[in-house]
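What follows draws every value from the coordinates through simple rules; no lab data is involved. Keep in mind it's a predicted model, so treat the numbers as computed, not measured. Cβ atoms come from the backbone with ideal geometry, glycine included; neighbour counts cover every protein chain shown.
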Amino acid sequence: MSKRIVHIVGTGTIGEPLIGLFSHFKKELGIDEVTFHKRTPLVDERAKVHAMVRKGATLCTDERSVEKFEALGHKISYTTQEALERASVVIDCTPVGNKLKPQYVETSGPKVFMAQGSELGFGQPYARGINDESLNLDERFVQIVSCNTHNICVLLKTLGAAPGQDMGVTNGRFLCLRRATDISQADSFIPSPEVGKHADPRFGTHHAHDAWRVFQTVGKDLKLFSSAVKLPTQYMHVLHFSIELDHSTSKEQLISQLRENPRVALTEKRSSTLVFSFGRDHGFYGRILNETVLPPDTLHVSEDGRTVTGFCFTPQDGNSLLSSMACALWYLDGKDPRDRLQVLRPYMFEEI
């Protein structure tokens, strides 16, 4: 029997915790080996690389960089192409997944290649718990949609639920209030709010476009639009939403629907600092693995019961991490990984 090897490309805000998750839960997930690729040898990241190796992951790099990594005290076990060819699953956590795709196409070994976030065109879009039934395991390329797109999707599916049908949404508008940088990043911070472009003529930004693509895979053509503003904070993305329904509902009914969804965490906190702090103290690598964190006090239902407005927090890449792990297990096991993923339940909260 061939080994089940997960190879992760990149060690940034998604790559590093993903390496940690697969390494820590290797036995429970049935993973034989975790390898990761780092492109640039950096003195100030030597401790981080050593820490990932101590957790059980194996370092790989480009052939031309091997000596430079070894000079920093790292052991290189495989070159880039060797690692790709050995892998069962490849998860690209860089911002250049589409640029690297031609190299992946030429590599025959892995069952699946994944890219993260706004890599439109890389492969079939996937968000755990939203379009699992449409995941085609014969297709080798998957786009794990962005954390804000996950948030939009779970709001549409949960708040849009109606008696006798899974979703009754006629329109959805979203404003992504995005953090400028992750706390692990020391540059690219901004001094003031920076408004984003509406580059997509139909959807505004990629967040609504990707959410539409996710639901299209399960036969739904939703009317969605999103905007984005970047804020001078390192804590959490915040999402403002206004969803029009084809049925009447109430705030009490919506809160009940939210409580029934294990991917939704409710909170009395209305500060991103406090929600982020909870994740730092109780999450894995500081990550909350729920798809959204919603304060019920911010919910508003129109007088006719057909428009739902409110705010919620987007866990810092936690939902993308969960979808990446779920997708890997879908391809490795050929079936829904629900049972294996129970090991992650301690990092998915009912209340924050």
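For segment 148-317, the ratio of Cα radius of gyration to the globular rule of thumb 2.2 N^0.38 Å stands at 1.03. Loop-located GluC sites (Glu not before Pro) in segment 38-143 (DSSP state not H, G, I, E or B) with no more than 14 neighbouring Cβ atoms inside 10 Å: GLU106, GLU139.
The simple Förster model, with R0 at 35 Å and r as the Cβ-Cβ distance, assigns THR170 and GLU133 a FRET efficiency of 0.90.
Sorted into 10 angstrom bins from 0, the C-alpha pair distances of segment 1-81 split as 19, 54, 24, 3 percent. Where the alpha-carbon atoms of the chain are placed on the principal axes, they occupy 67, 45, 40 Å, in descending order. Between the beta carbons of GLU45 and THR307, assuming R0 = 35 Å, the FRET efficiency works out to 0.15 to the nearest 0.05.
With the simple model of a label 7 Å out from the Cα in the direction of the Cβ, ASP281 to LYS55 spans 2.2 nm. Treating r as the C-beta distance of HIS24 and SER250 and R0 as 51 Å, the FRET efficiency rounds to 0.75. Rounded, prolate or oblate: pick one for segment 184-272, where a ≥ b ≥ c are the square roots of the eigenvalues of its C-alpha gyration tensor, a/c under 1.5 means rounded, and failing that, prolate if a/b is larger than b/c, else oblate. Note, shape of segment 184-272 comes out oblate. Packing-based ranking of 334-346, 25-37 yields 25-37, 334-346, ordered from highest to lowest mean Cβ neighbour count within 10 Å. Excluding same-chain neighbours fewer than eight residues apart, the lysines reachable from LYS223 by a Cα-Cα span under 29 Å are LYS157, LYS197, LYS251. Here is the list for segment 257-352: GluC sites (Glu not before Pro) lying in DSSP coil, each with at most 14 other C-beta atoms within 10 angstrom of its C-beta, are GLU268, GLU303, GLU350.
Annotation: extensible slack from LYS68 through LYS220 equals 49.6 nm (criterion: 0.36 nm per residue apart, minus Cα-Cα distance). Each part gets one Cα centre, and for segment 191-252 versus segment 1-47 those centres are 31 Å apart. Using a simple spin-label model with pseudo-atoms 7 Å out from Cα toward Cβ, THR273 and HIS240 lie 2.1 nm apart.
Each label was represented as a point 7 Å from its Cα along the Cα-to-Cβ direction; for ILE190 and GLU106 these points are 3.8 nm apart. Please compare each pair in LYS27/LYS220; LYS38/LYS230; LYS99/LYS230; LYS27/LYS75 to a cut-off of 31 Å on the Cα-Cα distance and tell me which ones are over it. Going by Cα-Cα distance, LYS27/LYS220 fall outside the 31 Å limit.
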